[in-house]
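Please treat every number below as a calculation from the coordinates, not as lab data. Computed from a predicted structure; not experimentally measured. In this analysis, Cβ positions are derived from the backbone assuming ideal geometry, glycine residues included, and neighbour counts consider all displayed protein chains.
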Amino acid sequence: MLSLYSSAPTRFSLLLLQEGEEYVHEFVAECAWPPQIPGNWQGRPVLAGHLRLATRSMFFDPDDLRVPIVRLPFEGVEGLEAVGSARSGDFLVQSRHAVRMRPGAADVPYAHDRSRPALAWRFCLAFAAMHDFMPQAQRVVAQRAAWLATPLARERVALALTPARLYAQPRHGLQGRSVRSARLADVAALARRRAGLRDVGLEAGSEWVRGATAAWQRGALSNFDYLLFCNLAAGRSFSDLAQYPVFPWVLADYASEALDLDKPGAFRDLTKPVGALNPARLAAARARYADMRDCTDDPPFLYGTHYSCPSYVLYWLVRAAPGHMLRLQGGRFDAPDRLFASVAGAWTSALANPADVKELIPEFYLPGAAGFLRNGLGLALGARQDGRPVGDVELPPWARGSPERFLSLQRAALEAPVVSANLHHWLDLVFGWKQRGAAALQAGNVFRHLTYEGAVDLEAMEKQNPGEAALLRLQIEEYGQTPRQLFDAPHPRRLVAPRAWDANGETPATSDGMAGLCLSLMASVLAAREEEGARAEPFTDDSQLALLDALDLAPGDSEEDGGPGMVAETEAPAPAALAPWWDDLVTLAVPPGLASPHASPQASPRPRDAKVLHRLTFGPAHGVTALAVAAGDGARNGTPTAFAATQSGQIRAVELESGKQVRCASLSAQPLTCLALARPDPRGHPLALAGGYDGEVRAYCARTGCSAGGWVPGDDAVSALCTLGSGVVVATASGGLAAWETGGGRHPWRPVGRSLGGGGAVLPLLDLEGLQGEGAWSLAALPAGSHPGPLILAGTEAGAVLGWDPRRGGAPAWRSVLGQDIVAGLSVDAGSAPRVSAAAADGRLRLLDLRRGGAVMADDTSGELASWITLLEKTLSFDIKEVDLENKSDEFKAKYASLHPGPDAPAKVPILDDADGTALFESLVVAYYLNDKYPEPALLPSEAAAKAKISLFIELFPPSIFSNAFSLVKAETRAQVAERLPALVQGLKTANALLTSLGSSEGGDYFAGAQYTLADIATSPLYHRAVHLLKGHRDIDIPAILQEHKLDRLAAWSKAVLERPSFQETAPDAEVVIKSMAKFVNPLSD
C-alpha cells in the first residue's frame, strides 16, 4: 500500500535570513549529514527535510525538530556539483562554513562550524532535478521592490536578478503563490509598459519556446512561423549576417516539369544535415575527422564551412543587397561561376561539393519577396565560363519562369504534410540535442568548434591577448555561428497536419520589411498560445506521408484496415509496428496512419480471429491514443466499458455490449497520451487517469462524468501510467518515474515520498537517465498479494524491462535486456507463477518470469522448431498434427483456450499433448519439459553455471542478429540499407563474442563444444531465418560477412548447427522462408 509523505511542522522563518537577503525557493530533500558537524543526535546517515534556497545562502531544515537547521552561506561554498546525471536530484556542496540554528525549535544562539578543508554535504531532491536547483543557486546582481500587475489588482513583490534568472518574491501568500522565476535564456521579449501614464513598467515574455512548440504541434503555428520563431529565440537576427535566420532545404526535385507535393521522393531527407545527404561525402568527412584527432590540438570537425555565414547569406541576396556583397568582397562581386545563378545548380552543389553545406534563408519561402531572384537593378554580374551571363536566377521547370510561383510552391512544400511530419528532425540538428556532442557526431553534424557558443572565452582572452582575441572574433564572424541550443532532448513531432498552403495565392512582403515580419510573428505566437485547440486535421495514412514512417504490421499480426476514429471491440486491435523514434510509438485502437506520441500498455493484442462487435467513429479530429477496458467488478453495473483517450484531449466511455457512448468529457486542449483505470468506487465506477502531452495527469470520475482534478508530475510529457493499490505510477518523457496517491479521486494530489536511505518513504522519484539514459514508455505493476510483489515494471527505450520494489525504492531490483528496440507494451499475469509479457518494437514478444528477476521464459521468435528438434534429439515417438494458422479450427482454438487462461490468447503453435495427460504450449517451455522428463541424451549440462550461461545465450543471441536483419528488410531505400548494414555487422560480432565468452569450443563447434544443447536448438532456427531473409530480399550474404570479418567462431557454430540431422529434417527450405517473410518486407526505391 502506498503511503503519503507527511512533513514535520516547520520551524523555519524569514527571521533566519540575513539583512537584505531574499527567500527564493524550497525543495523536499534529504541530506547526508557530515559526521564532523554536531547535531545529528541519532547518527543517521540520511536525514529527511527541506532544502531552502535564499539569495545569499541555502538552508537544510530537517523534519526531526531535534536536529538543528543548518545554514550554508554561499561565501563559504567552494563547490557545487551534480552526482551522476544532470537530471538526477543528487548533488554535493563543498562548504567550509556551516551555521546551526534552532535545535529543538528553541531560540538559542547560533553555532558556527568552520572547517578546512571544506566538508561535503550531500543532498537528494525528492521531486526536482539538479537542473531545477542549479540555475537558482546564483548570486544576486540587482534587487528592487516592485509591483506585480494583474487584472484589477497589484501585488507587492521583491524583484531579484541573477546572472541566470529573474525572480519575483511575493510579500505575502494570499494568492497561494510561491516565488515566480524565469530563466533569462527563456525571456524571448522585453517590452516597456506604462503604469499610471508613466513609463515605469516592464513586461517579460518567458516560457515562449515551450508555448510556441506546443502551438506548432497542434497546428496553431505554421512551419514557417515556428522556424522563424526558433531562429529569433536562438539569437538569430535579420540585422546580423553572421547570425542570419537559417531555413532548411525541403525539396529535392528541381528538374521536373511539374512538382508533385504528394510524392515523398520530391522532398529532402530532413533527418540529416546537408553535409550528410551524400554518403560518399560524409564518409570522406569522417575519415578526415579521424585523421584530425591525431594531428591537431584543436577539436576535430567534419565540415570546414558552415550552413550559414555572411558570405552564404549574400550569395543568396546579391541581387537585393549588392552593396553588402561589395563591402564583403573588397569592392568586387564574386566570380560569376561562384554567384547564385541557378536554383538547381545551387542544390547540386550542396549535394556534391565538399565545401558547400549551406542551408537556405527565409526569403525562399516568402512569395512576396521575389526581388532577390531578379536582377532588377541591372547589375553587371559577369558571364560564366560557358559564356552565359549571370542575370535573373534560373528557376526549376515547374516554376514556369515565375519567381512568385517558385516561392509559392516553395512555401507550399514547407507546409506540406511530409515536411510537417519530419521537421522536428531538422530542428534537432540545428537547434536541438543533435547540435553538439556524441549525438552530433553520429548524425554527421560537427562543425568548427569556433562556431559554437561558449567554445572560447573572448572576454578573458581580450584581457590576456587582445590581438589573438581580435583574430578569433574575425574567424567567428566569417565561419558562421551555430544557433544557441534551444532543446536538450529530442524535439516533439507535430501532431496535426495544417491545411494545405495555397500555392496560387500571393503573400506580399510586409511594408516594414523583415522588422515587420518579426513583429507579425510575435503577434502570431501570442495568438497561437491563446488558442484552446487546433483547427486542423490529424495526419492520415496516405502515400504522401511515407516519410512519417506510417504504421506497419509487425511479424505475427494480421493486416486489417479500418475507418478513421476508434474501434470498440471485445479485444484490442492488433498493435501496429513501432517506429524507431520515441515520438512514433503507437498501441491500441489507433486509426490508420495516426501516430500517437506515446505508448499505452493497457491492453493486449487482439487475436487474428477476434470478432468485431462494434465499430465507432469519433471523427478525424479525435484519433484514439490510448484505450483501457473496465470489466467485471471494475465496470459500471457489471457492463464492460471501454475508456478512450483521444488526440483532441477528450476522454470517452463506450459500453462494449451495446456500442453506446455513455460518457464524454474534454480534459485538455492538447492530446492525451496514456490511460489507466484506478480502483472503482462502491458503485462500480472506475477513476480514469489520463496523461497528457502538456505534462499533466488528469483524473476523470466516471460516476459524475466530470474532471476530478490533476497534477503535474514532472517537466515533460507523460509517457506511461499504471495503477498500484491506491496509487498510480507515472513516467515522463524526460525519464522521471514517480508514484502518487490517488486519494480516491479527491484532490489536491500529493506525491509519495522519496528516500535516499529509507525513513519510511515508499517510492523514490526515479531518474532513468541514471539507468543508461532511457525513459520508461510502458508500465505495469504486480500487486502486493502476489509473490514476489509488489513490483513496478517499466519497459524502456533501450529495449529493457526493469523491476522496482516500491517498498525499498532506489535503484531497480533487476534489469532484463530484451533487445535494442523500445519495449512499448507490458501485461502482467499475477497468477500462481507471476510473469509479464513484453512487446517490443522489433515485433517480438517475450514472456518474463517475475520470480527469477525477469528471466526470459519464452520467446516467440524460436517458433515451433525448438520443440520439434528436441523430440527428434530425444528419439521419442510422436505424431504431428498440422494447423492452418490462417484458418484455425474451432477445435484448436478451444484446445489453446483451455491451456491459456487469458481471454485474449492468440492460439499459437506448438502445443504438446504428452501421453500422461500433460499439455503445454510455448516452444522453449516444451523443450525444457522434454529435457527434464526424458534425460537422455542430455541437452543441458549438469553444472548450474553452465546452465545459466545457456539461458543467457538464448536471451542475448536473438537481438544481436534478427533485430538487425528485420531492420534491414524494413528499410525503404538503398541508402537506408547502407546505413543499417553496419548494425548487422556489429550484431554478428556480438554473437561471435557471445559464443566465445559464454560457450566452449572444446571438442566441437556447438555452443558447448562437443555437446549439442538447448542453446543450439533455440537459436539455430532464428539464425537460419535471418540468413535466408536477408539473402532473398536484400542480397546480403551473412556467411560472406562472417568470412570478411573473420568471425570464425560464429561461422563454425552456424555450419555445425545447420548441418545437424535433426535441424535438417525440420528446417523449412530457403524459398519457404523467403516467401513467408515477404509480407514484412518493404520494397526498395533508389
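Global dimensions of the stretch 283-422 from alpha-carbon coordinates: Rg and Dmax equal 17.5, 52 Å. P(r) for the stretch 253-348, from all Cα pairs and a bin width of 10 Å, is 13, 29, 31, 24, 4, 0 %, short bins first.
Would you give the gap between the C-alpha center of the stretch 379-454 and the C-alpha center of the stretch 1035-1062, rounded to a whole Å? Their Cα centres are 46 Å away from one another.
Residue exposure proxy: 836, 456, ordered by other Cβ atoms within 10 angstrom of their Cβ from fewest to most, comes out as 456, 836. Of all lysines in the structure, those lying under 17 Å Cα to Cα from residue 1046, and not within fewer than 8 positions of it along the same chain, are 989, 1055.
Bridging of residue 888 to lysines at a Cα separation below 17 Å is possible for 611, 908, once same-chain residues fewer than 8 apart are set aside. Taking each residue as 0.36 nm, the span from residue 899 to residue 147 lengthens on full extension beyond its C-alpha to C-alpha distance by 263.6 nm.
For the peptides 994-1003, 665-674, residues were scored by their other Cβ atoms within 10 Å and the scores averaged per peptide; the highest-first order is 665-674, 994-1003. Neighbour counts of other Cβ atoms within 10 Å put 372, 12, 60 in the fewest-to-most order 12, 372, 60. Shape class of the stretch 235-302 from the alpha-carbon gyration tensor: oblate, with a/c at 1.5 or above and b/c at least as large as a/b. Quick one: which of 874/1031; 874/947; 874/949; 895/1079 span more than 25 angstrom between C-alpha atoms? The answer is 874/1031; 895/1079.
Shape class for the stretch 14-136, computed from the alpha carbon gyration tensor (a ≥ b ≥ c): rounded, with a/c under 1.5.
Classified by the C-alpha gyration tensor, the stretch 874-1080 has an oblate form. Its axis ratio a/c, with a ≥ b ≥ c, is 1.5 or above, and a/b does not exceed b/c.
With neighbour counts taken as other beta-carbon atoms within 10 Å, the residues 229, 74 rank, fewest first, as 74, 229. Net charge near residue 108: determine it from the other residues with C-beta under 11 Å of the C-beta of residue 108, scoring Lys and Arg +1 and Asp and Glu -1. My count for the surroundings of residue 108 gives +1. In terms of the mean number of neighbouring beta-carbon atoms within 10 Å, the peptides 379-385, 463-469, 1005-1011 order highest first as 1005-1011, 379-385, 463-469.
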